[in-house]
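Participant: Dropping a structure here in structure tokens format, bear with me for questions.
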Amino acid sequence: MPKLNQPSELEKSVRDAATVPEPDAEFIHSLRARFITEGHASANKNQETFMKRKTFSQRLTWGLAVLVLVTLIVLSTQPTVVTALKRLFGYVPNVGIIDQSTPVRMLTEPVTVTREGFTVAVEQAVLNDEKSIVVYSYSLPPDYVDPENSVSTTRAPFLTLPDGTRLDILRARHVASSDCPQCYLRYLMEFDAIPADISEATLEIPDLVAIPDNTAPQDWKIQLKFKPADPADIAPVIEQIVTPVPTTASTDAPTQSVNTYGITNGLDKFVALPDGYILYGHTSWTDPIIRPYGVSSELAGIKDANDMDILFDYADAGMNSEPGELRVYWAYKVGTDFTAPLTLNFVMLASLPADGGSFTFDPGPDPQPGQKWDINQDVTVNNEVIHVLYAEQAGIEPGFFLFNMQSDSNITHASVIDPDHPPLGGGGGIPSAGAPFSSGFAYQVPIPQGPLTLTFTDVQLLIPGDWTLSWSP
Amino acid sequence: MENEEPRQVEIELKTITHALAGDEAALARIYDAYARPIYRYHYSRVGNAPDAEDLTSQTFMAVLEALPRYQHRGRFTAWMFQIARNKVMDHFRKNPGMKDVTEESVADPLQSEALEAIYQRESKTHLKALLHLLEDDERELIRLRFTAELSFVQIGQLLGRSEDAVRKSIRRILDRLAVQMEAQNA
């Protein structure tokens, strides 16, 4: 029996002894499909608050929609039309876009409660005939420390009305709290509508979200009072008017259309805030060869009328694609320091299935971390040539190989797989036309003996075109 | 001591953000990165495929439910495995008759004549037996390091300990195992 006095040999032996059977492939694949499907559906459910545009259109019959459109065309040069549109939707910070077509109520004032150094702040509530939204945040004592091996069992918050009626939470999500450095977490909750004749409710928070059990006060009860919303507290949402007749309305931003895969990119609406604007738009395509979420429209830069670079930040688009929909939504926030109009320059990336193509690679009997192998094979994939340059065992984990490639076409990335050896995982990729890119995955150890055949599964293309949008507030 | 690179690549905030938005590619990235390691971890606790599959499914469904509450501090792996560990604890709480497979009694290798023959042919069985005899927290370290293949940093984040403390603890366990193996071989 070999002496196990060298750490590397012993570790190999321990790893070998600690090895368990790999999961059944069918189980792994079916759970994967379920995870993706349910994750996608869950995101859609949680984002319903922001699908007011769709809800609005569903309320109108087609005949009424046409009537509205014709009226808009006739009146589009009238400033009162723009004002009327502003009133349908509004924007409330940390809540998002709300429907103002029914009376809106909000908190009379924020409410803050402190217990044992923990502070809960109910920052905002927005009520209409459809739902009640409540946003709260909390902060921890300065000396709070997460205990070891902690368990967090969070009982859901709920509202209690004066008559005892309980409204359970329908949906909830984490909201960004970068504007509140002391906040540990900011949480948005949706409940059923509170009747218009009820102007108060109790928010009951049994457990602070994501705080380990028995480390914070429980069973918070916070009294909330509501009043009709002050219009000054709701920022206007300027909807994009799409009409067959050009107008002179300043909100009219042209939508770019490109024939490639039927991709279009457009600005839908914007919100005016005291410190800037949030621009909302969408990218859609018609060619089903590009799957849902297969197009990524990235804002590369913004210039103003003086050709100055304008800073921007990602914003919550507030909308998600329907299952199977060939459309994605985007949102960006800009400040107020610019000279209109702004020119938004997008880069369009699309992922498509590869139509085949493979190359061979032999790592030899004992591949070492950091080792490189020249491959220098040209592979035709989707009618374009990918130069497979070299492979390296990247050292991230045993068996993880990065394959470095380059293409003179608009292919910016490609994924490979060894169909004969299920991978441990994958990764890698640098999207930039003409520049080298890499793709990799991890073989399960022990690494199989070569020669190995790697097959292309997907390619990412940089879609050419002038993906520029112009906008003025 | 050994390769210091993390065995598990940490998921980026951008991927998490996209997953929260329902991006299927991002959801797939998260799943592909953790499905097998989490399954292996569960199997190492329960010792059979059906329960390991059930726990793995529960873990990933719990991840979907908890993802909106996740606050990114670069500890996504530790967060995922905390959920996995919680599911295992729930499993044993609900099934008190079941035992953690690593707690099953193992015949003393030094006294079992049947095992003696095996040990002469197979050091792996001997080493497995020694692993069974470790303390609970030591077995957990071995599982996380060698079955789930987490890095020292990730194990430290999961267990609330420093990377150095984790590294030293595992080193001590391995040194002890080496001594025990050599004593048996002597």
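The values are calculated or read from the model by the stated rules, or taken from the named source; none is laboratory data. Model, not experiment: these values are computed from the prediction. Note that we place each Cβ from the backbone using ideal geometry, even for glycine, and neighbour counts take in every protein chain shown. Just so you know, the surface numbers come from the protein's heavy atoms only, side chains and all, with ligands and any DNA or RNA stripped out. Shrake-Rupley method; radii C 1.70, N 1.55, O 1.52, S 1.80 Å.
Residue-by-condition table, conditions (1) at pLDDT 95 or above; (2) closer than 19 Å to residue B:68 by Cα; (3) in contact with a Gly (Cβ under 7 Å, 6 or more places away or on another chain):
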residue: A:106; (1), (2), (3): yes, no, no
residue: A:139; (1), (2), (3): no, yes, no
residue: A:146; (1), (2), (3): no, no, yes
residue: A:153; (1), (2), (3): no, yes, no
residue: A:164; (1), (2), (3): no, no, no
residue: A:180; (1), (2), (3): no, yes, no
residue: A:194; (1), (2), (3): yes, no, no
residue: A:197; (1), (2), (3): no, no, no
residue: A:210; (1), (2), (3): no, yes, no
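Participant: Follow-up. Of (1) part of a loop (DSSP other than H, G, I, E, B); (2) surrounded by 14 or more Cβ atoms within 10 Å (Cβ to Cβ); (3) at pLDDT 50 or above, residue A:4 satisfies all except one. Which?
Facilitator: (3)
Participant: Among (1) assigned to a loop (DSSP other than H, G, I, E, B); (2) open to solvent by less than 10 Å² (accessible area, probe 1.4 Å), which single condition is residue A:344 missing?
Facilitator: If we test residue A:344 against (1) assigned to a loop (DSSP other than H, G, I, E, B); (2) open to solvent by less than 10 Å² (accessible area, probe 1.4 Å), just (1) comes out false.
Table: residues versus (1) in a loop (DSSP other than H, G, I, E, B); (2) open to solvent by 40 Å² or more (accessible area, probe 1.4 Å).
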position: A:368; (1), (2): yes, yes
position: A:377; (1), (2): no, yes
position: A:385; (1), (2): no, yes
position: A:401; (1), (2): no, no
position: A:404; (1), (2): no, no
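Participant: Would a scan of region A:76-98 turn up a residue that is at pLDDT 50 or above and among the polar types (S, T, N, Q)?
Facilitator: Yes, because at least one residue in region A:76-98 is at pLDDT 50 or above and among the polar types (S, T, N, Q).
Participant: Which residue out of B:175, B:137, B:164 is more than 10 Å from chain A (Cβ to nearest Cβ), part of a helix (DSSP H, G or I) and exposed (fewer than 15 other Cβ atoms within 10 Å of the Cβ)?
Facilitator: B:164
Participant: Next question. Report, ordered by the first and then the second residue, all pairs with beta carbons closer than 6 Å, sequence separation of six or more or different chains, a first member in region A:15-44 that is open to solvent by 20 Å² or more (accessible area, probe 1.4 Å) and at pLDDT below 85, and a second member that is of a type in the set (A, V, I, L, M, F, W, C) and part of a helix (DSSP H, G or I).
Facilitator: A:15/B:146; A:38/B:64; A:42/B:64
Participant: Being facing chain A (nearest Cβ under 7 Å) and either outside any helix (DSSP H, G or I) or crowded, with 22+ Cβ neighbours inside 10 Å (or both) is the filter here, so list the residues in region B:21-30 that pass it.
Facilitator: Passing the criteria: B:21, B:22, B:23, B:27.
Participant: For region A:122-139, enumerate the residues that are aliphatic (A, V, I, L, M) and either in contact with a helix residue (DSSP H, G or I) (Cβ under 9 Å, 6 or more places away or on another chain) or in contact (Cβ under 8 Å) with a residue 60 or more places away in the chain (or both).
Facilitator: A:122, A:125, A:126, A:127, A:133, A:134
Participant: Which residues, taken from region A:216-227, are outside any strand (DSSP E or B), surrounded by 16 or more Cβ atoms within 10 Å (Cβ to Cβ) and out of contact with any Leu (no Cβ under 7 Å at 6 or more places or on another chain)?
Facilitator: Hit for region A:216-227 is A:217, nothing else.
Participant: Within region A:285-313, take every residue that is in a strand (DSSP E or B) and buried (at least 16 other Cβ atoms within 10 Å of the Cβ) and give me the one that is farthest from the other protein chains (Cβ to nearest Cβ).
Facilitator: A:303
Participant: Let me ask something additional. Of the residues A:382, A:345, A:376, which is away from chain B (no Cβ under 14 Å) and modelled with pLDDT under 90?
Facilitator: Step by step, each of A:382, A:345, A:376 is checked, and only A:382 is away from chain B (no Cβ under 14 Å) and modelled with pLDDT under 90.
Participant: Then there's this: Does region B:145-157 hold any residues that are facing another protein chain (nearest Cβ under 9 Å) and of a type outside the set (S, T, N, Q), and which are they?
Facilitator: B:145, B:146, B:149
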